[in-house]
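Reading through the structure tokens given below for one structure.
No value in this document is a laboratory result; all are computed from the given coordinates. Everything quoted here is computed from the prediction, not taken from an experiment. Neighbour counts are summed over all protein chains in view; Cβ atoms, including those assigned to glycine, are modelled from backbone coordinates with ideal geometry.
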Amino acid sequence: GSCNKTWLGSSCTSTVYDTALVNGEVVVGGAFTQVCAPGSGTSCASGTTVTRDDLFAYNPVTGAIDPNFAPALNGGPVYAVVAGPNGTVYVGGSFTTVGNAAHAGLVQLNVGGSGDGSVVAGFGAQISGASGAGVNALTYYAAGHALYVGGQFSKMDGTPETGLARVNATTGANDSTAFKFTLSGAPSGSTLQV
């Protein structure tokens, strides 16, 4: 079939953009629709191909793909993953939903255990902006219980923010009063983003 640029980006090449070690597993984010255990050369080991849209997890010792970590993200690459508290991962990208719920560009997921791949209840940060809005970079700061978010967006939780924001790591609430940066001056013809 033809390449789906929504999933694989403009080059239509499967790409890994970021990884994070979380709860004994490696979480991998990128632009891809399937993953498999390696076989001989560059081919897949027989019978190991599974559908995973832009996000999967594997055991770093055995290489086994976690069969239970399969969150359903809709169209858009995952550009950033970072380990969060209590066996969770923050995921940033160009998606707008996870499962059937709105999670525009940013979500926190459980890794491992009975809630494997489920959305962490209570974390509700949402980015918005022009077409192509997304999260490109994440940093979790445990001591300040904050998540720093960089990307191409004009609003975080409805508050004007241009490409850089800090949110509460538990709730996702935008911290626009204590953390305020104004980014400007994008080169002519380009979009301002982190």
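Some notes on this structure:
- Inter-label distance, nm, simple model (7 Å from Cα along the C-beta direction), residue 16/residue 170: 3.4 nm
- Ordering of 160-169, 109-118, 60-69, 141-150 by packing is 160-169, 109-118, 141-150, 60-69, highest average first (other Cβ atoms within 10 Å, averaged per residue).
- Estimated D of the chain in µm² per second, where Rh is the Kirkwood radius over Cα pairs and Stokes-Einstein applies at 10 °C, 1.306 mPa s: 93 µm²/s
- Rh by Kirkwood over Cα pairs, then Stokes-Einstein D for the stretch 20-124 at 1.002 mPa s and 20 °C, µm²/s: 155 µm²/s
- Computing FRET efficiency as 1/(1 + (r/R0)^6) for residue 143 and residue 178, where r is the C-beta to C-beta distance and R0 is 22 Å, gives about 0.90.
- Relative contact order, percent, the stretch 43-187 [alpha-carbon distance under 8 Å, six or more residues apart]: 15 percent
- Cβ-derived FRET efficiency at R0 45 Å, residue 154 paired with residue 40, nearest 0.05: 0.40
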